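Written out below as structure tokens is the structure these notes cover.
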Amino acid sequence: MSAPSFGFRVVAVDGQARSGVLTTRKGEIPTPTFMPVGTQASVKTLTPAEVEATGARIVLANTYHLWLRPGPDVVAQQGGLSAFMRWPHTVLTDSGGFQAYSLAERRTLSDEGFVFRSHLDGSKRLLTPEEAMRVQGLLGSDIAMQLDVCPPATADRKEVEDAVAQTTRWASRSLAARDGAQALFGIVQGGVHVDLRRRHAAELGALPFDGLALGGFSVGEPPEQMHAALPEVVPSLDPARPRYLMGVGTPRDLLIAVLAGVDMFDCVLPTRNARNGQAITRRGALSIKQAQYRNDARPIDEECGCPCCRNGYSRAYLRHLFIAREILVLRLLSQHNLWVYGDLLSRAREAIASRKLAVFAREWLEPG
Ligand SMILES: [Zn+2]
């Protein structure tokens, strides 16, 4: 049972990488694509038009936060997330499990779900696969995620196996409880164990999910372990469905994952780093507060087409704003960083179409 008007088609292949088009009830999204994170139904500091200008056509919102505040009933009465936040394009919601696991207090896990205390008011909450589907249905996202168990990087193999088994049981319950208007993705766990990942990908691939995600990467393991696992694991995810690598990562992580065949990404890194005064460039991170930029008239990156660089805001000015705690700098750096991500994946799509992704990736990762 697939959601109406949801679809995915591959348009070009280059090695393991592919470019494609994801279709939702809000329109088409060229892939590979990056989803800016709008935790509280807002991509921090930016208007929807500014987010759109970075090339994004899909954003992620966090079910856990919106469930606790303002509550899914409010969002439903305001017409669902897209109407509420004035974002006309696609919205994906996570299941809330990751935040319930990492933010909540006194959390316990059973076959039924997570019992935890809200980090806001201490109220006792039960997050089951069915509740995660009910809340996401009220939030009205276009793509929902199943509730999963995401073990930390420190988990031993037995803990990871248990998380995989629990996630599979919750996969079936999520599908049974789904809102038919939403697309629903399953989440493959397995840590850095390639055999567990492959087996779980086959188990979830046998279920009628609209897409398949990889959860449980970038949870504290050395990046090299993920980089080594991705080319081994991603091909085991059904190639007919979109593949989403959750919560990853740096431009390097994205390129390695695109080379392995991943279609969708989300990460707080570009927006969070912007608010910490860090601009992402091809030559690495540029920390705008450093004294070396005090009198630097150059934009962050002379080759960047983002509103911040194109309008000539100098490093000296941005540094001044940051030191003076002026909020404009947070907006400008957020625009720049999201632009870098959008531009990176737009160029990757072009490179896949001309079967030159490996060359493109090498040039991006090792600029002259
Ligand atoms: Zn820029």
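The values are calculated or read from the model by the stated rules, or taken from the named source; none is laboratory data. Nothing here was measured: the structure is a model prediction, and the numbers come from that model. Every residue, glycine among them, receives a Cβ derived from its backbone with ideal geometry; neighbour counts consider all protein chains shown. For the accessible areas, the whole protein counts, side chains as well, though only heavy atoms, and no ligand, DNA or RNA atoms are used. Shrake-Rupley method; radii C 1.70, N 1.55, O 1.52, S 1.80 Å.
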Task: Net charge of neighbours whose Cβ lies under 14 Å from the Cβ of residue 320, counting Lys and Arg as +1 and Asp and Glu as -1 - done: +3
Task: the chain, relative contact order in percent, only Cα pairs under 8 angstrom and at least six apart counted - done: 18 percent
TODO: Enter the angle in degrees (range 0 to 90, nearest 10) between the Cα long axis of helix 328-353 and the first principal axis of the Cα atoms of the chain, meaning the one along which they spread out most.
DONE: 70 degrees
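Just to confirm a number: summing +1 for Lys and Arg and -1 for Asp and Glu over residues other than residue 226 whose beta-carbon lies under 12 angstrom from that of residue 226, what do you get?
-2
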Open item on the list: Helix-only mean residue ellipticity at 222 nm, the chain, DSSP H runs n ≥ 4 weighted -39,500 (n - 2.57), per residue, nearest 500. What is it?
Closed with: -12000 deg cm²/dmol
TODO: Please find the FRET efficiency linking residue 347 to residue 206, where r is the Cβ-Cβ separation and R0 is fixed at 35 Å, and quote it to the nearest 0.05.
DONE: 0.50
Open item on the list: Before I look further, what does the chain give for accessible area per residue, probe 1.4 Å, in whole square angstrom?
Closed with: 41 Å²
- [ ] First select every other residue whose beta carbon is under 9 angstrom from the beta carbon of residue 82; then total the charges, Lys and Arg +1, Asp and Glu -1.
- [x] +1
- [ ] Using a Förster distance of 22 angstrom, determine the FRET efficiency expected from the C-beta separation of residue 23 and residue 252, and round it to 0.05.
- [x] 0.15
Open item on the list: Once you compute Rg and the Kirkwood Rh from C-alpha atoms, what is the Rg to Rh ratio for the chain?
Closed with: 0.96
Task: Antiparallel DSSP beta bridges within the chain, as percent of all bridges there, nearest 5 - done: 50 percent
Task: Cβ-isolated cysteines (cut-off 4.7 Å), the chain - done: 150, 267, 306, 308
- [ ] Could you tell me how many degrees, from 0 to 90 and to the nearest 10, lie between the Cα long axis of helix 194-205 and the main elongation axis, the longest principal axis, of the Cα atoms of the chain?
- [x] 70 degrees
- [ ] Straight distance only, please: which lysines reach the Cα of residue 44 with their own Cα at less than 29 Å, same-chain residues fewer than 8 apart left out?
- [x] 26, 124, 289
- [ ] Please sort 179-187, 113-121 by packing, taking for each peptide the average over its residues of neighbouring beta carbons within 10 angstrom, highest first.
- [x] 179-187, 113-121
Task: In the range 226-297, the trypsin sites (Lys or Arg not before Pro) that fall in loop regions by DSSP, at most 12 other Cβ within 10 Å - done: 283, 294
- [ ] Enter the angle in degrees (range 0 to 90, nearest 10) between the Cα long axis of helix 129-139 and the first principal axis of the Cα atoms of the chain, meaning the one along which they spread out most.
- [x] 50 degrees
Open item on the list: Give me the percent of accessible area attributable to carbon and sulfur for the range 214-362, probe 1.4 angstrom.
Closed with: 48 percent
